[in-house]
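Only the coordinates and a few stated rules stand behind these numbers; no lab work does. In this text the structure is predicted, and so the values were computed from the model without any measurement. Cβ: placed from backbone, ideal geometry, glycine included. Neighbour counts: every protein chain shown.
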Amino acid sequence: MRIPCPLCGTRDRREFWYRGAAVDLERPAPDAGVEAWDDFVYLRENPAGPTRELWYHEGGCGAWLVVERDTVTHEIGRVALASEERS
Amino acid sequence: MRLAGRGLIDRSKPVAFEFDGARHSGFEGDTLASALLANGVRVMGRSFKYHRPRGVLSAGSEEPNALVTVGAGDAREPNVRATMQEIHEGLQAWSQNRWPSLGFDLMAVNDLAAPFLGAGFYYKTFMWPRSFWEKLYEPVIRRAAGLGALSGQAGGERYERAHAFCDLLVIGAGPAGLMAALVAGRAGADVILADEQARMGGRLLAETYEVDGQAGHLWADVVLAELDALPNVRRMGRTTVFGAYDGGTYGALERVLHHSGRRPRGAPVETYWTIVAKRAVLAAGAIERPVAFRNNDRPGIMTAGAVRAYVNRWGVSPGQSVAVFGNSDDAHRTARDLLAAGVHVPAVIDSREDAPESRDFELRRGAVVCDASGRRGLEAVTIRTAQGEERIAADALAVTGGWNPTVHLTCHMNARPVWRDDIACFVPQEGAVPGLRAAGACNGAFSTATCLREGAAAARAVLEELGRTVRDEPLPEAEDDPYRIAPLWAVSGKGRAWLDFQNDVTVKDVKQAAQENFRSVEHMKRYTTQGMATDQGKNSNVAALAVLADATGRGIPQTGTTTFRPPYSPVAIAALGAGAEGKGFRPERFATSHAASIERGAPMIEAGLWYRPSYFPRDGESDWRQSCDREVGYVREAVGVADVSTLGKIDIQGKDAAAFLDFVYSNMFSTLKVGRVRYGLMLREDGFVMDDGTTARLGEKHYLMTTTTAAAGEVMKHLEFVHQGLQPDWDVRFVSVTEQWAQFAVAGPKARELLDGILDAPLDAADWPFMSCGAVSVGGIAGRLFRISFSGEQGFEIAVPARYGAALFDILTDRAEALGGGPYGMEALNVLRIEKGFITHAEIHGRTTAFDIGMGRMVSAKKDCIGKTMSERPGLLEADRERLVGLKPINADGRMLAGAHLFREEDPPVRENGQGYVTSVCHSPMLGQMIGLGFLKGGSDRHGEIVKMWDGLRGVTTLCEVTGPVFFDPDGGRMRG
């Protein structure tokens, strides 16, 4: 599998470290309530199909990336810097 | 039998080799199989189950029969295909799966028992009693079955791992592959041309056709010469592309030195390649399938394409009198090649009633071979025509049932091949592997001209996609015969007709599977073991599923294929693991004091990838405890020196550095004054402790964070994530400086005295209070000094650029020794911190909170931080959670063990009664007994209580008093003084 890092170009997945769903970017406010925090910390979808994931280019530039990946076809879609991806 | 004046071997270079201890001679360019055939050796192996004598069936990597063991001692390699092994001077090969010899094999008794050994025999027979499964049945079956054996010794040969990148990977160097590489190479694309054979050319080497007005192999040589002259084309011979993976990544195995007896220093025997290609052209050719008939596994029966290859490429005839049997014009071509080489062809048996006439040989139309005789080598075949049966003497038989395109790689990413009725075979599904195109015979194009055309067209399409200009060039002239075939899978009749030669699967076995309702092709495969041998059924799977289709009354496309998985042909584990064995799997990291520690005889222990000294033994000390106690004494009474460089050091700078640290640490760092250090606790977002360490404020916008040795990488990732992912607008940057600075702890009542002796300016006590930091100069070198302590004594850590580390360590230890102290290792460091109740990852092991370790108040109420909200969950703040305590045996000689469990004194030690556990223990020289840290339910409120420490594994029970976690100098006067 190869991931196109927006800064370094397309690299082998061994250069990257996988964190999990990009939900981690949507940190609730401290007072958002129990359910919002439970969702944020613990609840994850497990889709067969497109996902948005967080990968760290540990063996490269050190950028955190949001990677769109299809768990069925393994196709990599859009890749963006996490720092530019937050709403 | 060698044929005069034929073949592409070099007759000026004879090569001597051994097979089963007998000496033979061949020529350069021979494979083991061709050389053995030339020497009249017909039996090359025994089959897996029935131990039937077997000769070579093919001339390529699909070979099921002629598997041998090559090499000796720790370089022994089993299951080498004789068709792929090139001979070289001194080559030693042995046959397999026979005892005592290839000619006389006692296990051949299995063949007589064949009526009982059909499909599912094992499943039905070895059912009862259950207790026999592992103890009796499996060992016996494993001994009886199997092929070659490994040497059982480690590391005889070197294997290597390598990576390559290209615009276009061409897999296979037959006419289609050569043409693709040529077109793309001429257009300037970066091309890798890989072929599993030693010599490139594919079927052009095995056939007599002309290309561009010259012999096919000569045309191939011209093309190869042009490719070699192109700097943008790389040829990889003896390289099998065995797998297609995501993102245009291909796995390939290069057999670097198997063809040579020489082993130049450091040269690998095989290289495992990862090739990343923007595009790929699969030109893998096709594999010929035999026809199943009674006793079709006799030595001397081989595929027609293999016979032509042996005759035309290696100048060898498999026999004196070679009959030909088939269902396409290939049978006629084979007979013509044999006749041209002067070999007698007693008959061509063509199953097609409408087969074209020929005056060159005796042709039997509408006939089939229905039996073969000659146990150790073919003597005659029986043919069946409309007139009846007839016996024809022949010592070899060439068989063709048609060609199966080598679609394997196109199916490695879940696609299935498509059945084509007109040519009776499966072809690749278009777009099956992104970026890969099939061309030539592997795409169902069987004439030389269509191979050339498809190869060129595939390369052109690739070039257009890559945005390169393509010139239109004429294709070379070549044979364009139609492929006329009438499907024939198995000849009906009594007896056993083989499909899978290696695993001994017959037509009867497949029919029986269908009868017993194993109708799915995947079930049939597993029930009969069809296609499950080392050759993965390359020349038998399609015929087997055709037989299954017939037996179940379905069509071939409805029956479908089994799943194709990588690798295409076997890859040694040694090749897959190349570079990752031994220390390659786990690299070593050494601190700058490493050599000095080794010189002092310190046993080194691993801390992550780092190596740290356990203790520094002195003459006369008989065990580590003596050394450790002495080193603890240095720190408590004089001064000790320890290398602490392995701790993670992260340099943090930026306008928002202070705000950032407030966010990642549970406590406040924005209030920290420049020139001061603070202990920080870092939480995960779920509220549990992630790591701890001290952070120094070196400037208004400049901090230096330390992490534990083990968590350095994890913390770095975490900081980057919190910044980039959660606070991207903050102006702050991080860089790991762990390896840039060598840092040493100098601790003990004489620590300041020691430092005053080496620093360029003496320390003024008033300027260096506890938890201060700043710049210092040592021998003219700019360093940093931190007044921090992990021992509970007056302590400093001095840091210098790493290149001065070794020198500084020597100076520090010399000075320490002059003051009655010396270096101390990890054991003493551990004792010192347990006596003070300082935690490590033994305590913050991922399931403890700040509240649990008695640091609940370090989660600041004044600000948000990572983990804060979740740490406030009621369940994480309950008073009866397991909380950090000190533990001290009530008898001074009581033993404590880390990992032991805690119970109430009166309770039996069973899980339901568990009260907690012990995390760290040591013998405390200060207290003169063992002490420990642990977690106890409601532990903070149970000081003074007696609990039972129980270690069921080691059989130790000790009554302990619960105490606070700080055993020594609880108010910290020594540390601050």
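What the table below lists for this structure:
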read-out: Within-12-Å neighbourhood charge of residue B:15 [Cβ basis; K, R +1; D, E -1]; value: -3
read-out: Residues whose placed amide H lies under 5 Å from that of residue B:344, excluding near-sequence neighbours; value: B:322
read-out: C-alpha center-to-center spacing [the range B:147-207, the range B:853-895] in angstrom; value: 61 Å
read-out: HN-Hα J in Hz across the range B:66-80 - Karplus 6.51, -1.76, 1.60, θ = phi - 60°, x for Gly and Pro; value: 7, 9, 10, 9, 10, x, 9, x, 6, 9, 5, 10, x, 6, 7
read-out: Mean separation of Cα contacts under 8 Å (6+ apart) over length of chain B, as relative contact order %; value: 9 percent
read-out: Cα-based Rg / Dmax (Å) for the range B:842-977; value: 15.9, 49
read-out: √(5λ) per eigenvalue of the Cα gyration tensor, the range B:649-736, largest first, Å; value: 17, 15, 12
read-out: Per-residue [θ]222 nm for the protein assembly as shown (sum of -39500 (n - 2.57) over DSSP H runs n ≥ 4, rounded to 500); value: -5500 deg cm²/dmol
read-out: Karplus 3J(HN,Hα) series, Hz, for the range B:47-57 with 6.51 cos²θ - 1.76 cosθ + 1.60 (x for Gly, Pro); value: 6, 5, 9, 8, 6, 6, x, 9, x, 6, 9
read-out: At 0.692 mPa s and 37 °C, Stokes D of the range B:1-151 from Kirkwood alpha-carbon radius, µm² per second; value: 193 µm²/s
read-out: Extension reserve of the residue B:151-residue B:622 stretch, reckoned as 0.36 nm per residue once the Cα distance is removed; value: 165.4 nm
read-out: Fully extended contour minus Cα-Cα distance, from residue B:391 to residue B:735, at 0.36 nm per residue; value: 115.4 nm
read-out: Rh (Kirkwood; distinct C-alpha pairs) - the protein assembly as shown, Å; value: 34.4 Å
read-out: Relative counts (whole %) of C-alpha pair distances in chain B, using bins that are 10 Å wide; value: 2, 10, 15, 16, 12, 10, 12, 12, 8, 3, 1, 0
read-out: Neighbouring partner chain Cβ atoms per residue of B:862-868, average, 10 Å criterion; value: 1
read-out: Per-residue HN-Hα couplings for the range B:376-392 [Karplus 6.51, -1.76, 1.60; θ = phi - 60°; Hz; x = Gly/Pro]; value: 9, x, 4, 10, 7, 10, 9, 10, 10, 10, 4, 7, x, 9, 8, 9, 10
read-out: Length gained when the stretch residue B:759-residue B:717 is fully extended (0.36 nm per residue, less Cα-Cα span); value: 11.5 nm
read-out: Long-range amide H partners of residue B:91 with built H, under 5 Å; value: B:18
read-out: Chain A: most fluctuating residue of A:18, A:56, A:42 per GNM, C-alpha cutoff 10 Å; value: A:42
read-out: Peptide ranges B:171-181, B:695-705, B:17-27 listed from the most packed, as the mean C-beta count within 10 angstrom indicates; value: B:171-181, B:695-705, B:17-27
read-out: Whole-Å distance, taken between Cα centres, linking the range B:12-41 and the range B:472-513; value: 30 Å
read-out: Environment charge at residue B:308 (Cβ cut-off 11 Å; Lys +1, Arg +1, Asp -1, Glu -1); value: 0
read-out: Projected label distance in nm at residue B:586 and residue B:893, using a 7 Å step from Cα toward the beta-carbon; value: 3.7 nm
read-out: Partnerless Cys - the protein assembly as shown, beta-carbon criterion under 4.7 Å; value: A:61, B:166, B:370, B:411, B:425, B:442, B:451, B:628, B:773, B:865, B:922, B:960
read-out: Shielding of A:40-46 by partner chains, average beta-carbon count, 10 Å; value: 2
read-out: Protection proxy ranking, peptides B:523-534, B:423-434, average beta carbon neighbours within 10 Å, highest first; value: B:523-534, B:423-434
read-out: Alpha carbon centroid spacing (whole Å) that separates the range B:762-822 from the range B:578-606; value: 25 Å
read-out: Burial ordering of B:865, A:8, B:370, B:451, fewest other beta-carbon atoms within 10 Å first; value: A:8, B:370, B:865, B:451
read-out: Local electrostatic count at residue B:524 - Lys and Arg +1, Asp and Glu -1, tallied over other residues with Cβ under 11 Å; value: +1
read-out: Within 10 Å of each Cβ in A:21-32, the average number of Cβ atoms from other chains; value: 3
read-out: Between 0 and 90°, nearest 10: helix B:330-340 axis offset from chain B longest Cα axis; value: 70 degrees
